[in-house]
Amino acid sequence: MKFITIDKKNWAKGIEKSRETYRLFGPVKDKNGSFIRDLENDMLPDMSCNDSVLSAKSVLFPQTEKILFTTLDESQKDHHIMKRVPGDSAKRAVLGIRPYDAKAIQLVKLNFDTDDYRDPYWCDAYEATTFVGVGINKPGPFDFSTAAGTGPFSETGLDVLMADLDNAYLAKVLTDKGGAFMTSCGFDTAADEKESQALFDILRKEAEKNISSRIDTDKLKDKTVLELHEAPFWDDIAFSCINCGTCTFVCPTCWCFDIQDEAKQKSASRFRNWDTCMSPLFTKHATGHNPRDSKTQRVRQRFMHKLKYFLDKYDQGIMCVGCGRCVKSCPVNIDIREVCKIMNSYEKKE
Amino acid sequence: MDTCIQKIREIAFQLLDKKEVERVIGFSNGTIPMATSPITIASKQDTEKLVFNSTCGLNLANYIRQQKGKIAVIAKGCDSRNIVTHIIENQVKRDQIYIIGVPCKGMINKSKIKALFEDEILKFTEDGETLTVESSLKKEKLNKKDYLRDNCRLCQHRNPVIYDVLAGEPVEEQVLDTPYPDVEKIAALDADARWLHFQELTKNCIRCYACRNACPLCYCPTCFVDESGPQWVGKGQDKTDVNTFHFLRAFHCAGRCTDCGACAEACPMDINVRDFTRKLNKDAFDMFGWEAGLDQTKRPPLDAYSPDDPNDFIK
């Protein structure tokens, strides 16, 4: 069954039923906007709210995650030997994830799941998760996702894509995982495949037409790293930056983390926390030397990574899905669209 | 206030033209509604980029340290008080800074305006005391005075306290019978409710440190939260660590904070960080009759010993 109609009257009941199998995550309204949170007890996802302040990356990559632990009690045989925090392979589903956030998870996967290394924490969580997205009928003014290789009805990285039809959801089941989730909800009203796909196409086109914000990235690939790195515009771009990490924290594709050990009496834990290249500590060596000591270097690093290094390394577009969260949240209004424009149109003067 | 921009541009143009300063630090238009961005200008042709309106809520005193040569800076009342604090704390020399003072009628509370709309704001314009705000669903005409930031509503130093030139006529200062109603409200709660208030306040903090980094007072080369040998505070999302950051940062600002509101303005989570600092400002005023940044010749109360200090322990 490829398309399923879900009457909104049955939505809550179905979601409740899925809890027998799944732990649920979804958007929840809070003081300053919505957040993707663990939907405890009988909390329902707020499917109508605007885009979440932070992205959905935290479902697989929490801001703080305990990864290893040990005992410092030397009378114990295994003292000081780090052990993995028992993995949680229980099934979970993210409801109402935005298509660009799902695409972002695929970009983050390039880092956490490679031929050489597999990050067990991220990958285990990824495998246990079903992504139930909802198309964005009315993209906001900050959305430039279509220019960043995704879009309001993009299917990449999703297991189910739903279209909001006022009184009902029309769900397009994209993977077996997605099918299993629908079954667990008891959603089984099949919709005509051809008609449904036509409707999706119309909605997608309408939504994409509403996107007025864009970036051009076509010339980035042909420029050399050094050309951009040595370009004269970085001081001006960086001047207003206060080097908070807001842009990196709200970003769905920023994947950097820091490892911290904490001990309390005889027990010790190792955590990983989101880190940010905006902080001088990010690159500070134990010797005290800091290869990225100035604000300009740090700001340049963020944009070069997103718009040049990533592009060159993976050949899968830029490391940005056009959600616009960093544009919205930056306290000094540094706008990645403007920076991209400057980088893309830069011609080195001979 | 928007009328003073021509004057600001003229002054900036003259200063750069006569090479009296190397650069001018001010605000430029943002790329999204209700946003302006700090900018530095070195050429007189660029003075057209300068803007000044009710969205210039950051504090430009945060941008004047460690600059080479003489610079000019645009300063509202609070910015000027932070420049005074910088001078007292030897962060800048008075003769290195040319202060273009701007009498200020307050900056707008962007979150409060955003909260009026279900969708994103597409357009924001300001005409005197009237704000016009538009989203795709509706258009609102607002009275600016109803949408001022809390610190601006309670501000008693709207005119710059120090300047080389004023870019507008001085505005009438507000005289308030109760300058700290917010602090009194929190203080009236019992201990448990007060604790809950602060727990709730920091609940969504992501430790991006935008509050600290937007604050002109927070210029320590290494902040205590960033120290690693020894490490004073855990770096994760543990509640105790998050709160430790906020509590200690507030204490570091005691007797120095001008309530400019840059911390709350910068916070991406809309945390009213001022709930921490305001109590200390009130204490500094009640105990020492002190308001930060008003006088270049006086040491701040926590920086000096005085025989008539109110506390017993010191005598």
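The values are calculated or read from the model by the stated rules, or taken from the named source; none is laboratory data. As the structure is a prediction and not an experimental result, all values here were calculated from the model. Glycine also receives a Cβ, built like all others from the backbone with ideal geometry; neighbour counts cover every protein chain displayed.
Values computed for the structure shown
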quantity	calculated
Residue A:253 within 10 Å of chain B (Cβ to nearest Cβ), surrounded by 21 or more Cβ atoms within 10 Å (Cβ to Cβ) and either assigned to a loop (DSSP other than H, G, I, E, B) or not aliphatic (A, V, I, L, M) (or both)	no
Check on residue B:222, in contact with a His (Cβ under 7 Å, 6 or more places away or on another chain), within 13 Å of chain A (Cβ to nearest Cβ) and polar (S, T, N, Q)	no
Region A:66-79: number of residues that are closer than 21 Å to residue A:120 by Cα and in contact with a Ser or Thr (Cβ under 8 Å, 6 or more places away or on another chain)	4
Among residues of region A:262-289, those that are over 26 Å from the mean Cα position of the chain (by Cα) and either exposed (fewer than 14 other Cβ atoms within 10 Å of the Cβ) or within 11 Å of chain B (Cβ to nearest Cβ) (or both), counted	13
Subset of region B:9-40 [at the interface with chain A (Cβ under 7 Å from one of its Cβ atoms) and either small (Gly, Ala, Ser) or more than 29 Å from residue B:121 (Cβ to Cβ) (or both)]	B:30, B:35, B:37
Residue count, region B:270-287 (criterion: buried (at least 19 other Cβ atoms within 10 Å of the Cβ) and either out of contact with any helix residue (DSSP H, G or I) (no Cβ under 9 Å at 6 or more places or on another chain) or outside any loop (DSSP other than H, G, I, E, B) (or both))	8
Lone unmet requirement of (1) away from chain B (no Cβ under 14 Å); (2) out of contact with any helix residue (DSSP H, G or I) (no Cβ under 8 Å at 6 or more places or on another chain); (3) over 19 Å from residue A:16 (Cα atoms); (4) touching a residue at least 12 places away in the same chain (Cβ under 8 Å) for residue A:189	(3)
Residue check, residue B:10 closer than 25 Å to residue A:242 by Cβ, surrounded by fewer than 17 Cβ atoms within 10 Å (Cβ to Cβ) and at pLDDT 95 or above	no
Out of B:249, B:299, sole residue that is crowded, with 18+ Cβ neighbours inside 10 Å and either more than 14 Å from chain A (Cβ to nearest Cβ) or among the basic types (Lys, Arg) (or both)	B:249
Out of B:180, B:209, sole residue that is among the aromatic types (Phe, Trp, Tyr) and at positive phi	B:209
Residues satisfying the stated conditions in region B:195-214, i.e. within 30 Å of residue B:77 (Cβ to Cβ), more than 9 Å from every other protein chain (Cβ to nearest Cβ) and of a type in the set (A, V, I, L, M, F, W, C)	B:198, B:201, B:205
Every residue from region B:41-75 that is under 21 Å from the mean Cα position of the chain (by Cα), under 21 Å from residue B:107 (Cβ atoms) and not hydrophobic (A, V, I, L, M, F, W, C)	B:53, B:54, B:55, B:57, B:59, B:62, B:63
Residue in region B:148-202 that is nearest to residue B:267 (Cα to Cα), counting only those that are basic (Lys, Arg) and touching a helix residue (DSSP H, G or I) at 6+ places or on another chain (Cβ under 9 Å)	B:149
Which numbered condition residue B:194 fails, given (1) in contact with a Gly (Cβ under 9 Å, 6 or more places away or on another chain); (2) farther than 30 Å from residue B:305 by Cα	(1)
Those residues of region B:66-82 which are of a type in the set (D, E, K, R) and either under 30 Å from residue B:133 (Cα atoms) or at pLDDT 95 or above (or both), in sequence order	B:70, B:76, B:79, B:81
